[in-house]
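Report on one structure; see the data block that follows.
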Amino acid sequence: MRRAVLLMASVAFAPSASAQDAARDWDLHGDASTRTTMAYTEFSNGLGLGFRCRNGDFSAVVSGLPASPTERRTLRLKFGDEDAYETGWNSTTEPTVAVADIPAPLARTFRKGGSLRLTVPGAAANGRDITYVVDLPSSSSAIDETLTRCEKPLTDPRDAELDALPDNGLPSGLSWQTRPRIRYPETRYARGHVVLSCIADQSGRARDCVIESEHPHDGRFGRATLDAMDGARLSNSAQPGAPLRPVRFVFRAHFTMDQQGTPSAASGLIRR
């Protein structure tokens, strides 16, 4: 229980510390009262990683990061000899903790284990990058348990489609004809974010939308973003007027409420 709390809260940061020895599997924590299942692992350098299913909402969490003054964070990941790639994250109310834009593909990658270099661009006091090098334990069951509890597939061909999308979430040749008009929901939260993946049909309308991530999970931001997609329309910018080939796209919504209580909602870039 102590580790589960540490994962969601502040964790001491020691950039020169070496990673802990890989364990047999990730630790698994369950809480029936909140319908929560979490697979997590921690390292001697203060870094904590976890995947959580809570009441049907799936999330990826990293703790022990350098505190960030901004809500958006970019983390660069490199597994073994593979090429490094950038992923998008959002800071929580604890500035050393972040949650991922698109968590399920990360879970399916992280469960393989092995060497991981996690870089936080520009996070050092002098503006240099900070890199954590850890040996991830492979997960034969714990991460799969969190995916299954949230009805996420253990293998998903959509992962390759999502990975191939540019930062704006739209495949080449597509553009917004009518952008989603998002309304701030009735909620107790002053900020939130949502990432959706949808299929654009031949007419450019969105169908089969899936909430890839929503934070906070009970803020009603996901429902507000889904509702906004009803009036949205994409167009064929490569061949104006031509019907679209059904294709997957990703949309991110960011919600904020200022100190005067004025709500706003906007879209932004996606980093996987």
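Within region 90-105, restricting attention to residues that are free of Cβ contacts under 8 Å to residues at least 60 places away in the same chain and touching a strand residue (DSSP E or B) at 6+ places or on another chain (Cβ under 7 Å), the residue that is surrounded by the fewest Cβ atoms within 10 Å (Cβ to Cβ) is S91.
May I ask you to say which residue of R52, R73, R117 is crowded, with 20+ Cβ neighbours inside 10 Å, out of contact with any Leu (no Cβ under 6 Å at 6 or more places or on another chain) and either on the phi > 0 side of the Ramachandran plot or without any contact (Cβ under 8 Å) to a residue 60 or more places away in the chain (or both)? First the steps, then the outcome.
Working: R52 fails: either on the phi > 0 side of the Ramachandran plot or without any contact (Cβ under 8 Å) to a residue 60 or more places away in the chain (or both); R117 fails: crowded, with 20+ Cβ neighbours inside 10 Å.
When all the criteria are applied, what remains is R73.
May I ask you to list the residues in region 192-201 that are surrounded by 17 or more Cβ atoms within 10 Å (Cβ to Cβ) and either farther than 21 Å from I102 by Cβ or in contact with an Asp or Glu (Cβ under 9 Å, 6 or more places away or on another chain) (or both)?
Keep residues of region 192-201 that are surrounded by 17 or more Cβ atoms within 10 Å (Cβ to Cβ), which gives 192-198, 200.
Answer for region 192-201, where residues must be surrounded by 17 or more Cβ atoms within 10 Å (Cβ to Cβ) and either farther than 21 Å from I102 by Cβ or in contact with an Asp or Glu (Cβ under 9 Å, 6 or more places away or on another chain) (or both): G192, H193, V194, V195, L196, S197, C198.
Which strands (runs of 3 or more DSSP E) sit wholly inside region 115-211 and have at least 2 residues that are out of contact with any Cys (no Cβ under 9 Å at 6 or more places or on another chain) and among the aliphatic types (A, V, I, L, M)? Walk me through how you get there before you give the answer.
Values: elements: 130-136, 174-178, 191-200.
Those strands (runs of 3 or more DSSP E) span 130-136, 191-200.
Conditions (1) in contact with a His (Cβ under 9 Å, 6 or more places away or on another chain); (2) modelled with pLDDT of 95 or more; (3) in the same structural domain as H217 (by TED's automatic domain parsing), marked per residue:
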| position | (1), (2), (3) |
| --- | --- |
| A9 | no, no, no |
| A12 | no, no, no |
| S18 | no, no, no |
| A22 | no, no, no |
| A39 | yes, yes, no |
| C53 | no, yes, no |
| A60 | no, yes, no |
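Scanning region 39-60 for residues that are more than 20 Å from P137 (Cα to Cα) and not in a strand (DSSP E or B) returns N55, G56. Within region 36-80, the only residue that satisfies the criterion of being under 14 Å from E214 (Cα atoms) and among the hydroxyl-bearing types (S, T, Y) is S59.
Taking each residue of region 196-207 that is β-branched (V, I, T) and looking for partners that are buried (at least 16 other Cβ atoms within 10 Å of the Cβ) with beta-carbon atoms closer than 6 Å, six or more apart or interchain, yields I199/R248.
For residues in region 61-79 being part of a strand (DSSP E or B) and among the polar types (S, T, N, Q), which is farthest from N90 (Cα to Cα)? Steps first, answer last, please.
First, pick out the residues of region 61-79 that are part of a strand (DSSP E or B): 61-63, 72-79.
Next cut, among the polar types (S, T, N, Q) only: 63, 74.
Numbers: S63: 12, T74: 9 Å.
Per the stated criteria, the residue is S63.
For region 86-103, give me each residue that is in a loop (DSSP other than H, G, I, E, B) and either of a type in the set (D, E, K, R) or on the phi > 0 side of the Ramachandran plot (or both). Within region 86-103, E94, D101 qualify.
Considering only residues that are hydrophobic (A, V, I, L, M, F, W, C) and more than 25 Å from the chain's Cα centre (by Cα), look in region 224-244 and name the one that is surrounded by the most Cβ atoms within 10 Å (Cβ to Cβ).
So in region 224-244, the residues hydrophobic (A, V, I, L, M, F, W, C) come out as 224, 226, 228-229, 232, 234, 238, 242, 244.
Now restrict to residues that are more than 25 Å from the chain's Cα centre (by Cα): 238, 242, 244.
Details: A238: 12, A242: 11, L244: 20.
Within region 224-244, the match that is surrounded by the most Cβ atoms within 10 Å (Cβ to Cβ) is L244.
A single entry from T131, T155 fulfils the requirement of being under 25 Å from T70 (Cα atoms) and of a type in the set (S, T, Y): T131.
The values are calculated or read from the model by the stated rules, or taken from the named source; none is laboratory data. What you are looking at is a predicted structure, and each value in this text was computed from that prediction instead of being measured. Because the Cβ atoms are built from the backbone with ideal geometry, glycine has one as well, and the counts that use them run over all protein chains shown.
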